[in-house]
Amino acid sequence: EHKRPGHRLAHHRILPGKEKGKTMKRVLIVDDDTIVRITLRSLINWEAFGYQVAGDAIHGKQALRYLEEGTVDLVITDMKMPVMDGLGLIEQIHRLGLTPKILVLSGYDDFKLVREAFRMGAEDYLLKSDLSAGVLEKVLLKIGEGDLEAQEEEKEKEGKSRKEGYKREERKNREENG
């Protein structure tokens, strides 16, 4: 099901993304400016980076409805929007216990808001005035590397705890058979 750029998605289900058996990461774009939403959708080949644009929203409250309907891995949100702004959205995402990565869109005068978004756990930010394929691709790669590092750390922790468990078993066996 292909969605028209700028089309409000209130009636669409969020479908899982797949590419050659590999699960795609799902992106939600949140901005009250239709041109920004269309630009973000069409700026790069999302699939080439392992992402699928799952939907878009015109403000934070609409974005929350999408987030409640299905899994989203990355939220790209503007800071200044009507109804619910970017900080309000980030706060609600955390309150609901959701864990998508958050990429903040900002204008040149939004640095206080961006700083607050970082404090609230945003991964990175994009300046709307600098929005280009190269900049977006670089940020997506950086976020992806962070995912890989987290997976590696998790594997390492799992390996250490297994090793420690094995050593405990060895000691216990030695003591019992002593």
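Some points to look at:
- Filter result for VAL83 (at pLDDT 90 or above, of a type in the set (A, V, I, L, M) and more than 16 Å from VAL27 (Cα to Cα)): yes
- For the range 94-106, residues that are β-branched (Val, Ile, Thr) and either within 10 Å of GLY60 (Cα to Cα) or in a strand (DSSP E or B) (or both) total 2.
- First in the range 63-78 and polar (S, T, N, Q), second anywhere and part of a loop (DSSP other than H, G, I, E, B), Cβ under 7 Å, 6 or more apart: none
- All positions within the range 1-47 that are surrounded by 14 or more Cβ atoms within 10 Å (Cβ to Cβ), of a type in the set (A, V, I, L, M, F, W, C) and modelled with pLDDT of 50 or more: MET24, VAL27, LEU28, ILE29, VAL30, VAL36, ILE38, LEU40, LEU43, ILE44, TRP46
- Annotation note: of GLU91, GLU169, GLU149, the sole residue that is in a helix (DSSP H, G or I), open to solvent by 100 Å² or more (accessible area, probe 1.4 Å), modelled with pLDDT under 90 and not polar (S, T, N, Q) is GLU149.
The values are calculated or read from the model by the stated rules, or taken from the named source; none is laboratory data. Computed from a prediction, not measured in an experiment: that's the story for all the values here. Virtual Cβ from ideal backbone geometry, glycine too; neighbours counted across all protein chains shown. The accessibility values were calculated without ligands, DNA or RNA, using every heavy atom of the protein model including side chains. Shrake-Rupley method; radii C 1.70, N 1.55, O 1.52, S 1.80 Å.
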